[in-house]
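A short worksheet on the structure shown next.
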Ligand SMILES: [Fe+2]
Ligand SMILES: [Fe+2]
């Protein structure tokens with residue numbers, strides 16, 4: 001197993017001390033990162049002690065350490081999953097060759113784009129969530145928010161390590177640029193759409209961590225197959241942390257739904273809003289929104305970039321092992337493609353797309369199935385309570401701004417509709433400004449008493465790492 005060094009400026013298991021040039025470059029980047037964190041990280045809590053887990057090794061049994069830490073002092077480190085001896089490339093044109101420990105020159109630019117695109121999402125989400133602490137529903141949730149935030153910071157470190165180690169001067173410039181773009185800033189936005197959407201309140205936060213972090217999971221799974229071994233090892237370890245982010249989203253939405261059900265029982269109209277809760281229809285609209293913007297993150301349904309990534313053995317499919325054919329040169333995938341004549345929608349035709357060009361869709365397909373699991377769970381709560389409403393994922397054509405359905409309009413069942421119908425009906429399907437305002441209005445008073453929980457969400461069944469739910473997860477002077 002790799003040796004972990006935690007006594008140095010940058011904790012790591014990559015023997016950073018043996019590469020002085022790299023160590024100097026990363027130590028020069030570190031204060032810039034901390035400046036960015038202080039400026040763009042959680043606002044109003046930087047001096048507080050927070051009960052956080054910190055990655056200290058990649059040992060499956062004990063990779064994390066839990067203790068109080070002030071966020072700017074968090075020990076962001078560089079951890080790669082242990083190497084697999086004699087690892088071979090598992091897919092694409094280079095299938096069967098030894099995994100690459102350095103980057104083949106011809107793939108340098110493509111690979112840099114993959115690493116930068118992944119890296120950019122990490123600080124972006126911290127920026128999106130920076131004000132949420134100020135209207136937290138409990139200290140438990142506040143701590144979970146900060147846990148997600150510091151780990152997204154560590155994921156940025158993971159990508160910056162690759163940039164600084166393997167991409168020379170270009171890599172150093174990209175590492176700087178990752179701290180310069182800003183989520184939602186029209187002049188220097190983050191690279192991907194969903195990461196520029198505002199995350200104004202906790203319903204959006206939980207939807208984001210359920211749907212958008214789950215896109216992250218699938219991108220990481222696909223990169224964990226990479227023929228470029230350092231990328232595969234980095235992303236494999238990131239997945240360990242990512243699981244908690246989706247847990248926060250899934251259980252957060254679940255607790256909101258549980259509470260909504262309780263509040264609905266309090267009056268004869270089953271009106272959750274009348275009791276200061278979030279009604280099921282509003283939750284559904286947030287699901288529709290964050291799910292559809294997250295679907296866009298997978299990229300175009302028919303994509304020569306995707307084909308190129310796969311052919312070059314740089315980005316595979318999630319859990320490549322479960323497929324039989326890892327070269328994917330002879331198979332095809334049927335994709336419904338809209339027929340558009342001079343801007344007008346004329347129907348659908350099924351196109352048989354070479355499988356390599358459909359790799360984004362293959363990954364999206366897996367994501368759709370995985371996303372459904374949470375909804376099934378939440379629907380069981382409704383079923384048990386004798387409530388007829390059921391949550392449903394909208395059709396994948398719905399509300400898309402990337403890929404072959406972009407620019408057209410579809411209802412949540414995937415039926416084509418005109419722009420006029422979309423305009424009149426859209427707020428039945430996606431949150432209106434009034435929905436956002438209503439949800440935010442429930443959260444104007446943050447809860448800093450460990451024994452309290454906001455009215456619109458149920459308490460969790462248990463606390464963090466064996467601590468009670470009412471533990472002082474954040475020491476904050478209100
Ligand atoms: Fe991440
Ligand atoms: Fe995440």
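Numerical summary
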{"quantity": "Gained length - residue 319 relative to residue 85, 0.36 nm times residue gap less alpha-carbon distance", "calculated": "82.4 nm"}
{"quantity": "Sum of -39500 (n - 2.57) over DSSP H runs of 4+, divided by residues of the chain (222 nm, nearest 500)", "calculated": "-14500 deg cm²/dmol"}
{"quantity": "Inverse of mean 1/r across different Cα pairs in the range 6-113, Kirkwood, Å", "calculated": "17.0 Å"}
{"quantity": "Alpha-carbon centroids, the range 345-374 and the range 63-97: separation in whole Å", "calculated": "29 Å"}
{"quantity": "Förster-model FRET efficiency, 30 Å R0, residue 381 and residue 70, C-beta, rounded to 0.05", "calculated": "0.20"}
{"quantity": "Equivalent ellipsoid, the range 226-335 (semi-axes from 5 times Cα gyration tensor eigenvalues, Å)", "calculated": "42, 18, 11"}
{"quantity": "Relative contact order for the chain, counting Cα pairs under 8 Å that sit 6 or more residues apart, in percent", "calculated": "18 percent"}
{"quantity": "Separation between Cα centres of the range 126-151 and the range 392-430, rounded to whole Å", "calculated": "31 Å"}
{"quantity": "Footprinting exposure proxy for 201, 155, 326 (fewest neighbouring C-beta atoms within 10 Å first)", "calculated": "326, 201, 155"}
{"quantity": "Taking 456, 63 and counting other C-beta atoms within 10 Å, the order from fewest to most", "calculated": "63, 456"}
{"quantity": "Label-point separation in nm, residue 20 to residue 185, each point 7 Å along Cα→Cβ", "calculated": "3.6 nm"}
{"quantity": "Residue 451 paired with residue 417, simple spin-label distance in nm, labels 7 Å along Cα-to-beta-carbon", "calculated": "4.9 nm"}
{"quantity": "Relative contact order for the range 302-445, counting Cα pairs under 8 Å that sit 6 or more residues apart, in percent", "calculated": "17 percent"}
{"quantity": "Ranking of 182, 87 by count of other Cβ atoms within 10 Å, fewest first", "calculated": "87, 182"}
{"quantity": "Where only alpha carbons of the chain are counted, the Rg and the Dmax (Å)", "calculated": "22.8, 70"}
{"quantity": "Span from the the range 263-308 Cα centroid across to the the range 210-238 one, whole angstrom", "calculated": "25 Å"}
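No lab work stands behind these numbers, since they all come straight from the coordinates. Because the structure is predicted, anything quoted here is derived from the model rather than measured. So basically every Cβ, Gly included, is an ideal-geometry build from the backbone, and we count neighbours across all protein chains shown.
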